[in-house]
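Have a look at the structure below, then the notes.
The values are calculated or read from the model by the stated rules, or taken from the named source; none is laboratory data. This is a predicted model, so every value here is computed, not measured. Cβ placement follows ideal geometry from the backbone for every residue including glycine, while neighbour counts extend to all protein chains displayed.
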Amino acid sequence: MAGTRKSTRATASQAPKYADGASDTSEFDQPKANGKKTTRRKRAREDEAEDNESSPKPNKQAKPSKAAKPTPKAAVAPTTKRTPKPLPTPSNPSNRDADGNQEVFWLLKAEPLPRYENGINVAFSIDDLAACTVPEPWSGVRNPQARNNMQAMRNGDLAFFYHSNAKPSGVVGVMKVVEEAKVDETAFDKKDPYYDAKSEKEKPKWYCVGVEFVSKFKGVVDLHQIKGHAEKGGKLEGMQLVTNSRLSVSRVSKEEWNFIMELAEELDEEKGENDNTDDQDPVESKARVTEGKHTIGEDNGAGAQGTAGEGLEGEEKKPSKRKKTKR
């Protein structure tokens, strides 16, 4: 009897290692110690059970899922992928056509409301730019595509000033590039909020242009209004501001520029044309491109610098101490 009992226990202890029936009990014990193994086993068994019960069931479930996925993808993908492709590109490095007119325009963003980076207020508005009496370096840009756009700018290029993270956000005026891209020295300054330890003076990564104030709109051509015209078939369809909203320095085609200027003029008319400043600084005579010719500064010969620094001759000229928002 003793020998029989021992052989029974021995076979019972060895059975779970080889028998299929004993593996069921091990599966219930193992989930607590190892969830991954049990999940795989359960999924395998569920699949086997479904296959054994009936073959049409998986086919019925697979058909709607496969049929539903291609339909929206085919409809949405072409519109989102094709829209940003035709970016405005100058025909030559000078960004001027055969008649000397600007081909590609620009849009630069800055935050007008207070925001602090490393204890420094980085807010910068169009009013701050208007107060500058020397070219303001558009420093702090740390995005390669935005940097490349600045490197493509040429002296005399016009650009929109865009208030970002504002109430509301939108185009608020016009500025002019008066200094072409140069090394952004703020990237080497450890005290600057946009210091970049990876940028070396021997191999600089970041560049900036110098800009001057041209004009300020009476109203804001806000982002909501711009997006309304950026839908399929709209005048601003494919505008980089909309297709790549996170880009701080973007391109603007001549057609987009003229259309936004028209929107700005409409806002000015709504706010009244009897303001005394209209005769001195009208938006249309300052920055609209009419028949391929720049009219900015042609009426008074002062240009952007004359507008921003009027009556300041003989005074010490200082650049703005505020830092623009990170771009």
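Could you go through the stretch 165-173 and let me know if any residue there is closer than 21 Å to I120 by Cβ, touching a strand residue (DSSP E or B) at 6+ places or on another chain (Cβ under 7 Å), assigned by TED's automatic domain parsing to the domain that holds M239 and in contact (Cβ under 8 Å) with a residue 24 or more places away in the chain. Don't jump to the end; show me each part of the working.
Going through the stretch 165-173, the residues closer than 21 Å to I120 by Cβ turn out to be 165-166.
Then drop every residue that is not touching a strand residue (DSSP E or B) at 6+ places or on another chain (Cβ under 7 Å), which leaves none.
Looking through the stretch 165-173, none of the residues is closer than 21 Å to I120 by Cβ, touching a strand residue (DSSP E or B) at 6+ places or on another chain (Cβ under 7 Å), assigned by TED's automatic domain parsing to the domain that holds M239 and in contact (Cβ under 8 Å) with a residue 24 or more places away in the chain.
Can you tell me which residue among K167, K205, K191 is touching a Ser or Thr at 6+ places or on another chain (Cβ under 6 Å) and surrounded by fewer than 19 Cβ atoms within 10 Å (Cβ to Cβ)? Write out each step before concluding.
Numbers: K167 fails: touching a Ser or Thr at 6+ places or on another chain (Cβ under 6 Å); K191 fails: touching a Ser or Thr at 6+ places or on another chain (Cβ under 6 Å).
Step by step, each of K167, K205, K191 is checked, and only K205 is touching a Ser or Thr at 6+ places or on another chain (Cβ under 6 Å) and surrounded by fewer than 19 Cβ atoms within 10 Å (Cβ to Cβ).
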Discussion item. Residue under question is K198, and the condition is that it be among the basic types (K, R), without any contact (Cβ under 8 Å) to a residue 24 or more places away in the chain and assigned to a helix (DSSP H, G or I); does it hold?
Written reply: no
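Return a yes/no flag: does the stretch 128-141 have any residue that is without any contact (Cβ under 8 Å) to a residue 40 or more places away in the chain, assigned by TED's automatic domain parsing to the domain that holds Y207, farther than 20 Å from D189 by Cβ and assigned to a loop (DSSP other than H, G, I, E, B).
First pass over the stretch 128-141, keeping only residues without any contact (Cβ under 8 Å) to a residue 40 or more places away in the chain: none.
No; the residues of the stretch 128-141 include none that is without any contact (Cβ under 8 Å) to a residue 40 or more places away in the chain, assigned by TED's automatic domain parsing to the domain that holds Y207, farther than 20 Å from D189 by Cβ and assigned to a loop (DSSP other than H, G, I, E, B).
Quick check on this structure: which one of E256, E237, E266, E270 is surrounded by 15 or more Cβ atoms within 10 Å (Cβ to Cβ) and modelled with pLDDT under 95?
Working: E256 fails: modelled with pLDDT under 95; E266 fails: surrounded by 15 or more Cβ atoms within 10 Å (Cβ to Cβ); E270 fails: surrounded by 15 or more Cβ atoms within 10 Å (Cβ to Cβ).
It is E237.
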Discussion item. Every residue in the stretch 142-185 that is outside any loop (DSSP other than H, G, I, E, B) and aliphatic (A, V, I, L, M), please.
Written reply: A146, M150, L158, A159, V171, V172, V174, M175, V177, V178, A181, V183
Fill in: Count of the stretch 131-152 residues which are surrounded by fewer than 23 Cβ atoms within 10 Å (Cβ to Cβ), under 22 Å from E256 (Cβ atoms) and over 16 Å from the mean Cα position of the chain (by Cα)
2
Worksheet item: Would a scan of the stretch 211-231 turn up a residue that is on the phi > 0 side of the Ramachandran plot and surrounded by fewer than 21 Cβ atoms within 10 Å (Cβ to Cβ)?
Response: no
